[in-house]
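Following: one structure in structure tokens, then a few remarks.
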Amino acid sequence: MARVSQEHLAARRRQILDGAALCFARNGFHATSMQEVLKEVDLSAGAVYRYFRGKDELIHATVMEVLDDVRTAFETVGRQTPLPPPYELVGTVMGEIHRERPALRVDGASCFPRLVVQVWSETLRNDDLAAVIQAGFDKVRAVWVEIVKGYQEAGTMRTDADPDAVARTMVAAAQGFLIQQALFGEVPIATLQIGLRGLMSMGEVS
């Protein structure tokens with residue numbers, strides 16, 4: 001019976017976080033009211049406040065989840081063996097990021113890119129969250145630096161390339177594409193892969 005109760009509590013918390021995330025993605029953290037969140041999740045104030053004492057706690061929980069989802073996607077894809085080409089790797093990261101939050105869709109389109117941009121903005125005004133994103137980025141960069149070294153050892157990337165600079169650029173490609181999706185709507189991930197493959201082919205032109 002206790003196990004069922006815990007599952008119910010976890011499901012209800014998930015319902016609240018997903019509903020709040022949709023509101024935050026649409027209107028931003030600080031323009032969203034608790035009344036809008038209550039309407040989205042179709043719960044009473046008492047039911048929601050049992051899990052979160054107010055909007056600030058909801059914002060913090062949402063930010064932490066998003067940062068963790070993005071970091072996990074980068075780290076998981078970065079540990080693939082054998083390593084696919086960079087354009088495939090970055091595209092796979094984008095696919096993983098979108099799959100993390102299937103509930104964040106409106107009319108079939110993912111709201112997750114918009115939410116990620118809101119989260120990044122929030123880290124600019126909150127020192128504690130800024131420290132969290134910096135620590136997460138440092139972990140991701142370390143994994144991807146090893147990826148670049150793996151390419152170099154395999155002879156598929158120039159040995160004089162700076163692994164840290166290349167790793168930052170690969171991560172930036174995924175981050176930038178996520179911003180494009182937030183600003184201009186969903187663009188197929190294949191577009192990013194095709195574009196990166198084209199850029200990588202420049203040295204192949206005779």
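Each of Met200, Met170, Met157 has its accessible area taken with a 1.4 Å probe; listed largest first, they run Met200, Met157, Met170. Measure off, as a whole percent, the carbon and sulfur share of the 1.4 Å-probe accessible area of the range 81-206, all protein chains present. It is 56 percent, rounded to a whole number. Entry for the range 97-149 at q = 0.20 Å⁻¹: log10 I(q)/I(0) = -0.85, Debye formula applied to identical alpha-carbon scatterers, no solvent contribution. Sorting the Cα pairs of the range 38-148 by distance into bins of 5 Å, from 0 upward, gives 2, 10, 18, 19, 18, 15, 9, 5, 3, 1, 0 percent per bin.
Which residue fluctuates most in the GNM of the chain (Cα springs below 10 Å): Gly91, Gly155, Gly78? Of Gly91, Gly155, Gly78, the most mobile in the Gaussian network model is Gly155. Need the list of lysines near Lys55 for cross-linking: C-alpha distance under 22 angstrom, and skip anything on the same chain fewer than eight residues off. Here the lysines satisfying the reach criterion relative to Lys55 are Lys39. Membrane-span-like helices in the chain: DSSP H runs reaching 30 Å or more (Cα, own axis), mean Kyte hydropathy at least -1.0? For the chain, where a helix must reach 30 Å along its axis and average at least -1.0, the hits are 2-27, 55-78, 127-154, 163-184. Within a straight-line Cα-Cα reach of under 27 Å, Lys139 can be paired with the following lysines, leaving aside sequence neighbours fewer than 8 residues apart in one chain: Lys149. Shown are Ile147, Ile194, whose ranking by accessible area with a 1.4 Å probe and every protein chain present, most to least, is Ile194, Ile147. Of Arg50, Arg14, Arg101, the residue with the largest accessible area leads and the full order is Arg50, Arg14, Arg101 (1.4 Å probe).
Specify whether the C-alpha gyration tensor of the range 1-71 places it in the rounded, prolate or oblate class, a ≥ b ≥ c being the square roots of the eigenvalues: rounded for a/c under 1.5, otherwise prolate if a/b is larger than b/c and oblate if not. Note, shape of the range 1-71 comes out oblate. The distance from the alpha carbon centre of the range 129-153 to that of the range 10-44 is 32 Å, rounded to a whole number. Taking all protein chains together and rolling a 1.4 Å probe, Glu186 ends up with roughly 90 Å² accessible. The heavy atoms of Val187 present about 40 square angstrom of accessible area, all protein chains included, probe 1.4 Å. For the range 119-186, the calculated P(r) over all alpha carbon pairs, in 10 Å bins from 0 to the bin holding the longest distance, is 19, 37, 31, 13, 1 percent. Note on His8: accessible area approximately 100 square angstrom, rounded to 10, probe 1.4 Å, nucleic acids and ligands left out.
The values are calculated or read from the model by the stated rules, or taken from the named source; none is laboratory data. The structure presented is a predicted model; accordingly, all values stated were derived computationally and were not measured. Accessible surface is based on the protein model in full, side chains and every heavy atom, while ligands, DNA and RNA are left aside. Shrake-Rupley method; radii C 1.70, N 1.55, O 1.52, S 1.80 Å.
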